[in-house]
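In what follows, a single structure is set out as structure tokens and then discussed.
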Amino acid sequence: VIRGFLYGRFIEIDAMGIEISYQVVIEKLNIGVPVYKLIEILGDLINNAVEALISDAFGKKMHVVIMETDKFYLEVRNESPYIAYDMLGNFFNKGYSRKGENRGLGLYNVKCICEEYDLKVSPECKEIDGTNWLSFKIWKKK
């Protein structure tokens, strides 16, 4: 189900001119989180990355990782201007958005799902090969 969801989204994203790379390694996906909730998290993170890449001339690349082996790890990142660490935490506040009024529910929703299922979530800006990326990581130890 997750691979099918990602395949459909990746086709849409590619048609928008966004270069997407990914790594998906799923063994049994036995982490105590319903698949539909994982898809909801992925959808919100991917939608945010796509909106940022479309509205910003900074970059047109995103990367998605889902690893489920001895632990669960998910990351969605996109090229981005640098965002100060103290601002990153605001992304999870209900109603906070850098994209305009009447927005700011997606990452709040991600935070709520993570809290409900004992997942850890962390945003960060990181430099990879001289390019800044905005990354959202979610993980759970088994």
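The values are calculated or read from the model by the stated rules, or taken from the named source; none is laboratory data. Quantities reported herein were computed from a predicted structural model and do not represent experimental measurements. Cβ sites come from the backbone with ideal geometry, for glycine too, and all protein chains shown count toward neighbours. Surface areas here come from the heavy atoms of the whole protein model, side chains and all, with no ligands, DNA or RNA. Shrake-Rupley method; radii C 1.70, N 1.55, O 1.52, S 1.80 Å.
Summary of computed values
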| quantity | calculated |
| --- | --- |
| Overall form of the stretch 19-58 per C-alpha gyration tensor (a/c, 1.5; a/b vs b/c) | oblate |
| Stokes-Einstein D in µm²/s, Kirkwood radius over Cα pairs - the chain at 25 °C with 0.890 mPa s viscosity | 158 µm²/s |
| Kyte-Doolittle mean at least 0.0 and Cα axial length at least 27 Å: DSSP H helices in the chain | 35-55 |
| Reachable lysines, given that their alpha-carbon falls under 16 Å from the alpha-carbon of residue 94 and they are not under 8 places away in the same chain | 111 |
| Sequence of 62, 87 when ordered by accessible area, the most exposed leading, probe 1.4 angstrom | 87, 62 |
| Distant alpha-carbon pairs in the stretch 39-87 (separation over 16 angstrom), percent | 49 percent |
| Under 9 Å, Cβ to Cβ, from residue 50 - net charge with Lys/Arg +1 and Asp/Glu -1 | -1 |
| DSSP bridge pairs, the chain: antiparallel proportion in percent, nearest 5 | 75 percent |
| q = 0.14, 0.24 Å⁻¹, the stretch 13-94: log10 I(q)/I(0) [Debye, one scatterer per Cα] | -0.57, -1.22 |
| Fully extended contour minus Cα-Cα distance, from residue 23 to residue 93, at 0.36 nm per residue | 22.3 nm |
| Residue with peak Gaussian network fluctuation, the chain [Cα springs, cutoff 10 Å], from 43, 17, 130 | 130 |
| Of 129, 118, 70, the one that fluctuates the most in a GNM where the chain has Cα springs shorter than 10 Å | 129 |
